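Below is one structure, written out as structure tokens; the observations come after it.
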Amino acid sequence: MLLNFDRLGWWKYILLAITLLTAAFLLLPIVFIAALSFGSSQWLIFPPPGWTFQWYSELFADPRWLESAWTSFKIAVIVTILSVLLGLVTSFGLVRGSFLFRDALKALFLTPMILPVVVLAVALYAFFLRIGLGGTLAGFVISHLVLALPFSILSISSALEGFDKSIEDAAVLCGASPLEAKIRVTLPAISHGLFSAAVFSFLTSWDEVVVAIFMSSPTLQTLPVKVWATLRQDLTPVVAAASTLLILLTILLMALVAVVRKVLKQ
């Protein structure tokens, strides 16, 4: 075969070297921040002069960090539920529907993925400030939902497009109502898309910092905003510890997605 890796000769070593360099470029910052979180120095110094769990102890002992983490988790869960529900309804309309400007509407829903985040953040901030939602939990949820919804629509639409609708029609012919057929036949068949939508929606909200900075207030901050604010004031390794936990949760969820999708497709 033309693209057979074993027949590329010495080119395969060049491709392998490029792959390793790219992986190192992406992974080394994560390794560095994780190492700094265990360093014994009170400053962000690499390599660390020693190793300690002190910064994790300070992180979990500080109620401000815990409150920020709880705020992030609460917002992310609400956004995930709303994103999957709205994404499911929207995907049915975009995939099954036949109406004018359907492709344009789909592109409109995906606009938040294309626009620079800071532009979207400024627009949302100005609008929410005018209607009194700035610095509120509802403002956080709505702004994060705007960012998360495109991921749900893409994941669920892709799963729906790969589902054979004739199976759903057969269930209706056997006596099930259209709604019952969708719930008992279609939803289990596209469960991998729903799961992916939920995870990506959660991570979009959990990791979001640009929009969250504009939406935050002195009494309502998410964990990424707390990391950013602390980093501007003090280069304490507690920031590295919090960042490491953020990265760890993201990696675990992405690994869970890969495993669950593989299981569901078997």
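The values are calculated or read from the model by the stated rules, or taken from the named source; none is laboratory data. Bear in mind that the values here come from a model prediction, so they are computed numbers and not experimental data. So basically every Cβ, Gly included, is an ideal-geometry build from the backbone, and we count neighbours across all protein chains shown. The area values use the complete protein model at the heavy-atom level, side chains included, leaving out ligands, DNA and RNA. Shrake-Rupley method; radii C 1.70, N 1.55, O 1.52, S 1.80 Å.
Among the listed residues L203, L235, L231, which satisfies the condition of being part of a loop (DSSP other than H, G, I, E, B) and either over 27 Å from V84 (Cα atoms) or at pLDDT 85 or above (or both)? Steps first, answer last, please.
On the way: L203 fails: part of a loop (DSSP other than H, G, I, E, B); L231 fails: part of a loop (DSSP other than H, G, I, E, B).
That would be L235, the only listed residue that is part of a loop (DSSP other than H, G, I, E, B) and either over 27 Å from V84 (Cα atoms) or at pLDDT 85 or above (or both).
Of the residues F163, F140, only one is open to solvent by less than 50 Å² (accessible area, probe 1.4 Å), at pLDDT 85 or above and assigned by the TED database to the domain that holds L220; which? Break it down into steps so the answer makes sense when it comes.
Details: F163 fails: at pLDDT 85 or above.
So the residue among F163, F140 that is open to solvent by less than 50 Å² (accessible area, probe 1.4 Å), at pLDDT 85 or above and assigned by the TED database to the domain that holds L220 is F140.
I183 passes all but one of (1) more than 19 Å from F73 (Cβ to Cβ); (2) surrounded by 15 or more Cβ atoms within 10 Å (Cβ to Cβ); which number fails?
(2)
Among the residues of region 61-112 satisfying the criterion of being without any contact (Cβ under 8 Å) to a residue 60 or more places away in the chain and of a type in the set (G, A, S), which is nearest to K182 (Cα to Cα)?
Here the residue is G93.
Counting just the residues of region 46-76 that are part of a loop (DSSP other than H, G, I, E, B) and open to solvent by 80 Å² or more (accessible area, probe 1.4 Å), which one comes out farthest from V211 (Cα to Cα)? Lay out the reasoning, then the answer.
Taking region 46-76 and keeping what is part of a loop (DSSP other than H, G, I, E, B), we get 46-50, 52-53, 62.
Cutting the leftovers down to open to solvent by 80 Å² or more (accessible area, probe 1.4 Å) gives us 46-47, 49, 53.
Details: F46: 31, P47: 33, P49: 36, F53: 32 Å.
Among those that are part of a loop (DSSP other than H, G, I, E, B) and open to solvent by 80 Å² or more (accessible area, probe 1.4 Å), it is P49.
Go through region 90-113 and give me each residue that's within 18 Å of A159 (Cα to Cα), within 20 Å of the chain's Cα centre (by Cα) and of a type in the set (V, I, T).
T90
Just checking, which of G175, G135 is assigned to a loop (DSSP other than H, G, I, E, B), open to solvent by 50 Å² or more (accessible area, probe 1.4 Å) and not β-branched (V, I, T)?
None of the other options fit; the residue is G175.
Are any of the residues in region 191-214 more than 19 Å from the chain's Cα centre (by Cα), open to solvent by less than 30 Å² (accessible area, probe 1.4 Å), touching a residue at least 24 places away in the same chain (Cβ under 8 Å) and in the same structural domain as E67 (by the TED database)?
No, because not a single residue in region 191-214 is more than 19 Å from the chain's Cα centre (by Cα), open to solvent by less than 30 Å² (accessible area, probe 1.4 Å), touching a residue at least 24 places away in the same chain (Cβ under 8 Å) and in the same structural domain as E67 (by the TED database).
Among the listed residues V95, V79, V84, which satisfies the condition of being touching a Ser or Thr at 6+ places or on another chain (Cβ under 8 Å), in the same structural domain as T219 (by the TED database) and either assigned to a loop (DSSP other than H, G, I, E, B) or modelled with pLDDT under 85 (or both)?
On inspection, the qualifying residue turns out to be V95.
When you look at K262, is it open to solvent by 20 Å² or more (accessible area, probe 1.4 Å) and either aliphatic (A, V, I, L, M) or within 24 Å of F38 (Cβ to Cβ) (or both), yes or no?
Values: open to solvent by 20 Å² or more (accessible area, probe 1.4 Å): yes; either aliphatic (A, V, I, L, M) or within 24 Å of F38 (Cβ to Cβ) (or both): no.
Spelling it out, it is not the case that K262 is open to solvent by 20 Å² or more (accessible area, probe 1.4 Å) and either aliphatic (A, V, I, L, M) or within 24 Å of F38 (Cβ to Cβ) (or both).
Has region 175-184 got at least one residue that is over 24 Å from F32 (Cβ atoms), in contact (Cβ under 8 Å) with a residue 12 or more places away in the chain and not small (G, A, S)? Even if it seems obvious, please write down each step before you answer.
Narrowing region 175-184 to residues over 24 Å from F32 (Cβ atoms): 175-184.
The next check asks that each one be in contact (Cβ under 8 Å) with a residue 12 or more places away in the chain; those that pass are 181-182, 184.
If we keep only those that are not small (G, A, S) as well, we get 182, 184.
The answer is yes; a qualifying residue exists.
Report yes if I18 is over 29 Å from E208 (Cβ atoms) and either modelled with pLDDT of 85 or more or not in a helix (DSSP H, G or I) (or both), otherwise no. Talk me through it step by step, then tell me what you get.
Working: over 29 Å from E208 (Cβ atoms): yes; either modelled with pLDDT of 85 or more or not in a helix (DSSP H, G or I) (or both): yes.
Yes: the conditions hold for I18.
From the set of residues in region 113-123 that are touching a residue at least 60 places away in the same chain (Cβ under 8 Å) and open to solvent by 20 Å² or more (accessible area, probe 1.4 Å), which is nearest to P218 (Cα to Cα)?
Filtering region 113-123 for residues touching a residue at least 60 places away in the same chain (Cβ under 8 Å) gives 117-118, 120-122.
Add one more test, that the residue is open to solvent by 20 Å² or more (accessible area, probe 1.4 Å), and what stays is 117-118, 120, 122.
Numbers: V117: 22, V118: 20, L120: 22, V122: 18 Å.
In this case the residue turns out to be V122.
Among (1) in contact (Cβ under 8 Å) with a residue 60 or more places away in the chain; (2) hydroxyl-bearing (S, T, Y); (3) open to solvent by 30 Å² or more (accessible area, probe 1.4 Å), which single condition is T250 missing?
The single condition T250 does not satisfy is (1).
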